[in-house]
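What follows is a short report on a single structure.
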Amino acid sequence: MIAGLERIVGREQVLTKEEELRLYEYDGSVETGRPDCVVFPGNKSEVVEIARWSNRNGVPMVGRGAGTGLSGGALAREGGVQVVFSRMNRILAVDYENQRAVVEPGVVNLELSRAVARAGLQYAPDPSSQKSCTIGGNVSENAGGPHTLRYGVTTNHILGLEVVMPDGEMYRIGGAAVDAPGYDLVGLFVGSEGTLGLVVEITAKLTRLPESVKTLLAVFETTDDATETVVALTARGITPAACEMMDGWTIRVVESWIRAGLPTDAGALLLIEVDGPREAAEEQAAAVVETCRAHKAREVRTAKDEREREALWKARKNAFGAVGRVAPDCYVQDGVIPRTRLPETLRRIGEIGKRHGFEVGNIFHAGDGNLHPMLCFDRREPGTFERAMAAASEIIALCVELGGSITGEHGVGMEKDRLMPLLFSETDLELMKRVRSAFNPSGLLNPGKLFPVSKSCGEIRAPAMGRGPSEPIEGARNERVGSDAETRGGTQR
Amino acid sequence: MSGSEEKLAQSLAAIAGEANTSGDPSATGEYAIHGVTPKAMVRPANAEEIAEILRMCAAEKLGVVARGAGTKIGMGGAAARYDVALVTTRLEKVHGYDPGDLTLSVEAGARMADVGKLLGEHRQFLPLSVPYQKRATIGGTVASGVDSPLRQGYGSARDFLLGAEFVTGDGTRAKSGGRVVKNVAGYDLHKLFIGSLGTLGILTRLNFKTFPVAEASGGFLALFREESGAIDFVRRIAQSPVAPATLEILSPAMAGVLGGQARLDGTELAPVESWLPRSGWAAMAGFGGSEKVLRRFEAELGRMANESGAAGTIALDEGQRAQAEERLREAIPLLLEASPAATIVRASVLPSRIGEIFAAGRRSGEKHGIPAAILARGVGVVYVAFLPGTSDGTIFEGLAAAASEVVQAAEAAQGFGWIPWCPDGLKNLATIWGSGRPDAALMRRVKQAFDSGGILSPGRFFGGI
């Protein structure tokens, strides 16, 4: 059967050896799923042929970008063929005047922003893994990032897609202009976690780089003071470009590795960025400083230049990598809560952790209430994995109880499928499945994702032995596993 | 009332109560769409009643058209089956407004004006500055997909609709999304409802992100002799640090329609004659911020207007900007009132190509002898309104041809075009949905998933869905 695939893409673009396949059974989550083969299409028509092959042979198929996903969305849960888009990585067209880009799915997020920066433009969604993650993956997961507070998540920046359906039919949906008539299929496809079709071309909006950017670091004695500050900023109608929080435990862990000059005796810090026209950025920065001081900030630093700004962001974007050094296992969650409930939620998360014997680290997108509580543990100690999962379940249930969500940007994938009933009724899920079947009737495309799979009910599977989430998938072919600290692994959030 | 109508009204009354049901032609007449009067009208109180009604209608294969205040019910095609008018105006509760979190959850029948007032008390707003503001419901606003001048700065409904509850064609209550500002759990089904003209389900509740009102606001108007100057000005703005909340170009005829004395829903609109010029092409920007930011924007806009060869400029104060925005908001009703057979094309193209739509509108107007008025938004949405002085059937052929030519021009410019508003007699004459799209097959699959019985506004939507 494999010969059929080799005929489509060429023998050297198909992996079938056990040791090669092992590199593709992971992503950035704690999940695993080994494909039976990995294939690297070079263009749309090859993707069409692969889909036809999968359909004809009844073999499951799942798309994959750089493998930085955090919920197992691109893993081959039921085996089959994994379609890796790393060769389809060309920026096909940039329309500077209209601020549009047409790209292949394997284009790395940051590379698009870099390519258009000289013209004063950027591709705004900036997941922390932006140095490695691909735009195709971002589209599938509706990826977020720190600056989505002001600029919106992926779905707000995608206008058109070309998709290959599981039966090999190819469709163009949306377009370069806004408001394509008919149903908003682009809005449906973005964030559908690769369960409706394989995205082979993307038309994205580009955004003007702000005239002025101010990056501030506010240091607090307690997490309460920091969270109260976030509540006050939101209530005052100040919308920073980004508003990130790091608690004391995380500060110490991060500083011990990255040495960005963070105050290790602090209870919490906020990394706040404001941008816009010069005057607006200055005024907003002043309002932020004033609000921080009113909420007992011990110190508010403003980055003096681009170097200082980068140092502050480096600490933030590499935090998860740093945490990976203190414990072999780390389970990061992605719950969302209404922003007004931040102070009480963090207190209660701390209590839940304590009750289960963990110190919970928090580093997250405070401005939009998207929490990333981290439970660090060593699975080899009997019982700890179970305790960590029990604590995680309680934390997610708390987010839902407060009116929030189980995932703000990482996706459901195979990691949170069993949590979906916390948010959605059986009829909600039935309708979503009906929509999935409308596009993916055989269910061969990315099976076992999004919806609760009965066999895995009530369990989260253990990560493979000895592999912490901070470790890159060394050697995974064509995946961007860089050597510098910022790009290590697919686990930055 | 015939026997079947009476029986239908009775069945509906058993669900929603006698007082909220009618099968009497004298009462159902006001719910007629494109000349077709429904057999019955029902005003359910809640989502559960809507579900019951739809289950009954699905079993009986009755066509149901949902509506709020009915202000935009003229959009779209004629219903292939129209038995029941389902009116959502009794679902008007606010379920949760959390000003501190900037989120709002509200029932579909709530009026835009009431929602605006509530948010205004907390100096917040929803960037849906949509026509018929006084009467329009929030559900109808979303389902009709009408756009708003504020989309320049805030995006369209798809950018701030966080989630929704709805009832599908088989009477199933379901939801998607949530109430928090960031959420990727499950499919974003609620986005499919935007502009779906009631063909997928009946919205019962909508969750939005709200926005803080800027400290101060102002506006700027530049007048150009030629349309090319106005287009150049808008292009310069897009490449500058100036970030307007609204940005429009008005043709002289459009300024004439929008700028005159006007009454809507019994209220006189604030006069703008004293400052809104009606000769030449006007480009108008509205923006918010601190006084310092406003002064900077005014200076930048003045410089750019000059570079684009403006014949004159006016800095608008807060009051004038509000007046201008009211006129822009109510452009559709003002145009529909300006002609007995007003036909409005909505085209969307890349901003660099709006000039092609201007040219097509003008050319077709001249060719068919019908006055044309044009309103373009900076994001590339262009409304071309053909405003004949008569509704005499003899003009329909020319009117249909003119509108279709503009739609074709939009498609030729790699954009989209359709005809949301036209006289009933034109609905079948003109290709109101344009020349069709390659993804129509996928849309039919979506329709099938939500309304397999095909009872919801059948035939009213894109490609006859």
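The values are calculated or read from the model by the stated rules, or taken from the named source; none is laboratory data. Note that the structure is a prediction, hence the values are computed from the model and not measured. Note: ideal-geometry Cβ built from the backbone for every residue, glycine included; neighbour counts use all protein chains shown. These area figures cover heavy atoms from the full protein model, side chains too; ligands, DNA and RNA do not enter into them. Shrake-Rupley method; radii C 1.70, N 1.55, O 1.52, S 1.80 Å.
Calculate, in whole percent, how much of the Cα-Cα pair population of the protein assembly as shown lies beyond 44 Å. Mind showing how you got there, number by number?
On the way: 142014 of 458403 pairs.
Of all Cα-Cα distances in the protein assembly as shown, 31 percent exceed 44 Å.
Just going by the charge dipole of the protein assembly as shown, with Lys and Arg at +1 and Asp and Glu at -1 on Cβ, which of A:375, B:332, A:340 is farthest out on the positive end?
Farthest towards the positive pole: A:375.
Quick one: net charge around residue B:442, please, counting Lys, Arg +1 and Asp, Glu -1 for every other residue with C-beta under 11 Å from its C-beta.
Numbers: positive: A:172, B:437, B:444, B:445, B:447; negative: A:169, B:439.
It works out to a net charge of +3.
Which three extents, in angstrom, do the Cα atoms of the stretch B:94-212 have along their principal axes, listed largest first?
Per principal axis, max minus min of the Cα coordinates gives 40, 29, 26 Å.
Using 24 Å as the Cα-Cα cut-off, could you pick out the over-long pairs in B:175/B:447; A:17/A:131; A:317/B:191; A:214/A:314; A:44/A:205? Walk me through the numbers on the way to the answer.
On the way: B:175/B:447 16 Å; A:17/A:131 28 Å; A:317/B:191 31 Å; A:214/A:314 16 Å; A:44/A:205 22 Å.
Beyond 24 Å: A:17/A:131; A:317/B:191.
Measuring from the lowest to the highest alpha carbon on each principal axis, how far does chain A reach, largest first, in angstroms?
66, 59, 46
Which percent of Cα pairs goes in each bin when the distances of the stretch A:1-135 are cut into 10 angstrom slices starting at zero?
Result returned by the calculation: 12, 38, 31, 15, 3.
Per residue of the stretch A:129-136, what does 6.51 cos²θ - 1.76 cosθ + 1.60 with θ = phi - 60° give for ³J(HN,Hα)? Whole Hz please, x for Gly and Pro, Karplus curve as stated.
For the stretch A:129-136, the Karplus curve yields 8, 4, 6, 10, 6, 9, 5, x Hz.
Give the Rg (one decimal place) followed by the Dmax (whole number) of chain B, computed from C-alpha coordinates and expressed in Å.
Rg, Dmax (Cα atoms, Å): 22.2, 71.
Calculate the FRET efficiency for residue A:401 and residue B:318 from the Cβ-Cβ distance with a Förster distance of 56 Å, rounded to the nearest 0.05.
It comes to 0.85.
Note down the magnitude of the dipole of the protein assembly as shown about its Cα centre, charges +1 on Lys and Arg C-beta and -1 on Asp and Glu C-beta and zero elsewhere, to the nearest 20 debye.
720 debye
Please work out the Kirkwood hydrodynamic radius for the stretch B:339-426, using every pair of different C-alpha atoms, and report it in angstroms with one decimal place.
About 12.4 Å, per the Kirkwood formula over Cα pairs.
For residue B:66, what residues show an amide H to amide H distance below 5 Å, using hydrogens built from the backbone and excluding near sequence neighbours?
B:86, B:457
Please work out the average accessible area per residue across the stretch B:198-339, using the 1.4 Å probe convention, and give it in Å².
It amounts to 36 Å² per residue over the stretch B:198-339.
Hey, if you put +1 on the Cβ of every Lys and Arg and -1 on every Asp and Glu Cβ in the stretch B:1-155, which of B:91, B:126, B:13 ends up farthest toward the positive end of that dipole?
B:126
What FRET efficiency comes out for residue B:306 versus residue A:2 if R0 is 60 angstrom and r is the Cβ-Cβ distance? Round to the nearest 0.05. Show your work: numbers first, answer last.
Working: r = 67 Å, r/R0 = 1.12.
Here the calculated transfer efficiency is 0.35.
Using a Debye calculation, one point per C-alpha and no hydration shell, please list log10 I(q)/I(0) for the stretch B:199-245 at q = 0.28, 0.30 Å⁻¹ in order.
-1.17, -1.21
Estimate for me the total accessible surface buried between chains B and A (protein heavy atoms, probe 1.4 Å, no ligands or nucleic acids), in Å² to the nearest 100.
6200 Å²
Give me the net charge of residue A:367's neighbourhood, meaning all other residues with Cβ under 12 Å from the Cβ of residue A:367; Lys, Arg count +1, Asp, Glu -1.
Charge balance near residue A:367 sits at -1.
I'd like the distance separating the alpha-carbon centroids of the stretch B:253-303 and the stretch B:116-182, in whole Å.
25 Å
Quick one: check the C-alpha center-to-center distance for the stretch A:256-333 versus the stretch A:148-173, whole angstrom.
About 32 Å separates the Cα centre of the stretch A:256-333 from the one of the stretch A:148-173.
For the pair residue B:299 and residue A:294, what calculated FRET efficiency results from E = 1/(1 + (r/R0)^6), where r is the Cβ-Cβ distance and R0 = 30 Å, to the nearest 0.05? Provide the component values of the computation, followed by the final result.
Values: r = 33 Å, r/R0 = 1.10.
Using R0 = 30 Å, I get an efficiency of 0.35.
Relative to the Cα centre, what is the charge dipole magnitude of chain B, using +1 at the beta carbon of each Lys and Arg, -1 at the beta carbon of each Asp and Glu, and rounding to the nearest 20 debye?
In debye, rounded to 20, chain B gives about 840.
Viscosity 0.890 mPa s, temperature 25 °C: what is the translational diffusion coefficient of the stretch A:325-456 from Stokes-Einstein with a Kirkwood Rh over Cα pairs, rounded to a whole number of µm²/s?
Details: Rh = 15.9 Å.
Taking Rh from Cα pairs, D becomes 154 µm²/s.
Which residues in the stretch B:324-357 place their backbone N less than 11 Å from a point set 7 Å from the Cα of residue B:391 along the Cα-to-Cβ direction?
Answer for the stretch B:324-357: B:337, B:339-342.
In terms of solvent-accessible area of protein heavy atoms at a 1.4 angstrom probe, what is the ranking of B:61, A:416, highest value first?
My answer, sorted largest first, is B:61, A:416.
Which one of B:51, B:400, B:351 has its Cα pushed farthest toward the positive end of the charge dipole of chain B, where Lys and Arg give +1 and Asp and Glu give -1 at the Cβ?
Working it through, the farthest residue towards the positive pole turns out to be B:351.
Provide the net charge surrounding residue B:143, with neighbours chosen by a C-beta distance below 14 Å and charges set as Lys +1, Arg +1, Asp -1, Glu -1.
Details: positive: B:67, B:72, B:158, B:191, B:205, B:460; negative: A:184, B:107, B:147, B:165, B:451.
My count for the surroundings of residue B:143 gives +1.
Which part of the stretch A:232-271 falls in the paramagnetic zone of residue A:314, meaning amide N under 13 Å from the point 7 Å along Cα-to-beta-carbon?
The answer is A:255, A:257-262.
From the backbone phi of the stretch B:373-378, what are the Karplus-calculated ³J(HN,Hα) couplings (6.51 cos²θ - 1.76 cosθ + 1.60, θ = phi - 60°) in whole Hz, Gly and Pro given as x?
Residue by residue, the stretch B:373-378 yields 10, 10, 10, 10, 9, x Hz.
Just the accessible area per residue of chain A, please: how many Å² with a 1.4 Å probe?
Numbers: 16620 Å² over 493 residues.
Ligands and nucleic acids excluded, the result is 34 Å² per residue.
Note down the magnitude of the dipole of the stretch A:325-456 about its Cα centre, charges +1 on Lys and Arg C-beta and -1 on Asp and Glu C-beta and zero elsewhere, to the nearest 20 debye. List each step's numbers first, then the result.
Values: 17 positive and 17 negative charges, 29 e Å.
Charge dipole, the stretch A:325-456, about its Cα centre: 140 debye, nearest 20.
Tell me, what % of the accessible area of the protein assembly as shown is carbon and sulfur with a 1.4 angstrom probe?
About 48 percent, which is the carbon plus sulfur part of the accessible surface.
Computed from the mean reciprocal separation of all distinct C-alpha pairs, what Kirkwood hydrodynamic radius does the stretch A:91-208 have, in Å?
For the stretch A:91-208, the Kirkwood estimate is 14.0 Å.
Go through the stretch A:85-110 and flag every residue whose accessible area shrinks by 20 Å² or more with all protein chains in place compared to the isolated chain (probe 1.4 Å).
By number: A:97, A:98, A:99, A:100.
Report ³J(HN,Hα) in whole Hz for each residue of the stretch B:219-228, in order, from the Karplus equation J = 6.51 cos²θ - 1.76 cosθ + 1.60 where θ = phi - 60°; Gly and Pro get x.
Couplings: x, 8, 10, 10, 10, 10, 6, 10, 5, 4 Hz.
Kindly express, to the nearest 10 degrees and within the range 0 to 90, the angle between helix B:396-412's C-alpha long axis and the longest C-alpha principal axis of chain B.
70 degrees
What does the convex hull of the Cα atoms of the stretch B:216-330 come to per residue, in Å³, rounded to a whole number?
So the per-residue Cα hull volume is 87 Å³.
What whole-number volume per residue, in cubic angstrom, does the convex hull of the C-alpha atoms of the stretch B:3-87 give?
Details: hull volume 7.8 nm³, N = 85.
It is 92 Å³ per residue.
Mind checking Rg over Rh on the stretch A:116-169, alpha carbons, Kirkwood formula for Rh?
In the stretch A:116-169, Rg relative to Rh is 1.04.
Full-extension gain between residue A:344 and residue A:453, please, as 0.36 nm times their residue separation minus the C-alpha to C-alpha distance.
35.9 nm
Can you give me the Cα centroid spacing of the stretch A:216-253 and the stretch A:364-393 in angstrom?
21 Å
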